[in-house]
Amino acid sequence: MLKADFTRYSLALIDENKIIFSSAGRGLKPLASCLEIYRHTKNKFILHDKVTGLAAAKLIVYAGFISCVQTLVASQPAKKFLEEHAIKIDAQEVVANILKKDRSSLCPGEVIALNTDREEAFIKQIMTFISSLNEQKR
C-alpha cells in the first residue's frame, strides 16, 4: 500500500498504488472535486486525506467508492461514521472534533455534518457551504 505523503499533497486518491488525483488545497473543496470527478466509477480506491472530519467522512461514505482512508488527524465522529459504514480508517491521531484554524470553535463543515442526519439535506448544505467559500475568494 502506498504510504501517505502529506508533504506533497493534502489529499490524494490512490488506485493500485498510483496517485490518480491529488491536491494541495485546504478544506473540503479538494475532496468534493475529487469525488465529483470519479463519481461514476465502479472501482474502489484508497484516500489519503490530511484531516478527516465528519463532513469529509459523510462525503466519502455517500460517494461509495472509497474503501480505506489514511489520515494524519480524524475526528472521533468521522472515525465512528466510517467504521459504521465498513470503511477502514488509519488515523495517526484521533481528536474529539475538527476545529477552525484559530481553534476558536468547531469548523463549519463539522457543524453541518453533526447537525444533519439525512444524506440529501447534508449534501445540499455542504455543497452550498463549499460554494460560498469559492464566492468569498473571488
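The values are calculated or read from the model by the stated rules, or taken from the named source; none is laboratory data. Treat the numbers as computed from the prediction; the structure is a model and nothing was measured. Cβ sites come from the backbone with ideal geometry, for glycine too, and all protein chains shown count toward neighbours. For accessibility, only protein heavy atoms count, side chains too; no ligands or nucleic acids. Shrake-Rupley method; radii C 1.70, N 1.55, O 1.52, S 1.80 Å.
Of all residues in segment 21-46, count the ones that are farther than 24 Å from ASN115 by Cβ and either among the hydrophobic types (A, V, I, L, M, F, W, C) or in contact with a Phe, Trp or Tyr (Cβ under 7 Å, 6 or more places away or on another chain) (or both).
Number of matching residues: 12.
Can you give me the number of residues within segment 40-75 that are small (Gly, Ala, Ser) and surrounded by fewer than 24 Cβ atoms within 10 Å (Cβ to Cβ)?
Qualifying residue count, segment 40-75: 3.
Hey, any hits in segment 54-66 for a residue that's assigned to a strand (DSSP E or B) and of a type outside the set (A, V, I, L, M)?
Scanning segment 54-66 turns up no residue that is assigned to a strand (DSSP E or B) and of a type outside the set (A, V, I, L, M).
Starting from segment 107-133, keep only residues that are in a helix (DSSP H, G or I), then list their pairs with residues that are basic (Lys, Arg) and open to solvent by less than 70 Å² (accessible area, probe 1.4 Å) whose Cβ atoms are within a distance under 8 Å, requiring at least 6 positions of separation or different chains.
ALA113/LYS58; GLU119/LYS58; PHE122/LYS58; ILE126/LYS58
How do the strands (runs of 3 or more DSSP E) wholly within segment 1-49 filter down when requiring 3 or more residues that are touching a helix residue (DSSP H, G or I) at 6+ places or on another chain (Cβ under 6 Å): which remain?
Answer list for segment 1-49: none.
What are the pairs, 6+ residues apart or on separate chains, where a residue within segment 73-102 that is within 13 Å of ALA55 (Cα to Cα) has its Cβ under 9 Å from a residue that is assigned to a helix (DSSP H, G or I) and open to solvent by 50 Å² or more (accessible area, probe 1.4 Å)?
PRO77/LEU114; ASN97/GLN76; ASN97/LEU114
Would you please name the residue that is farthest from LYS44 (Cα to Cα), looking only at residues in segment 90-136 that are in contact with a strand residue (DSSP E or B) (Cβ under 8 Å, 6 or more places away or on another chain), of a type in the set (Gly, Ala, Ser) and surrounded by fewer than 17 Cβ atoms within 10 Å (Cβ to Cβ)?
This residue is SER105.
Could you tell me whether any residue of segment 79-89 is open to solvent by less than 50 Å² (accessible area, probe 1.4 Å), in a strand (DSSP E or B), aliphatic (A, V, I, L, M) and farther than 19 Å from PHE129 by Cα?
yes
Only one of ILE14, ILE20, ILE37 is open to solvent by less than 40 Å² (accessible area, probe 1.4 Å), over 18 Å from VAL95 (Cβ atoms) and not basic (Lys, Arg); which?
ILE14
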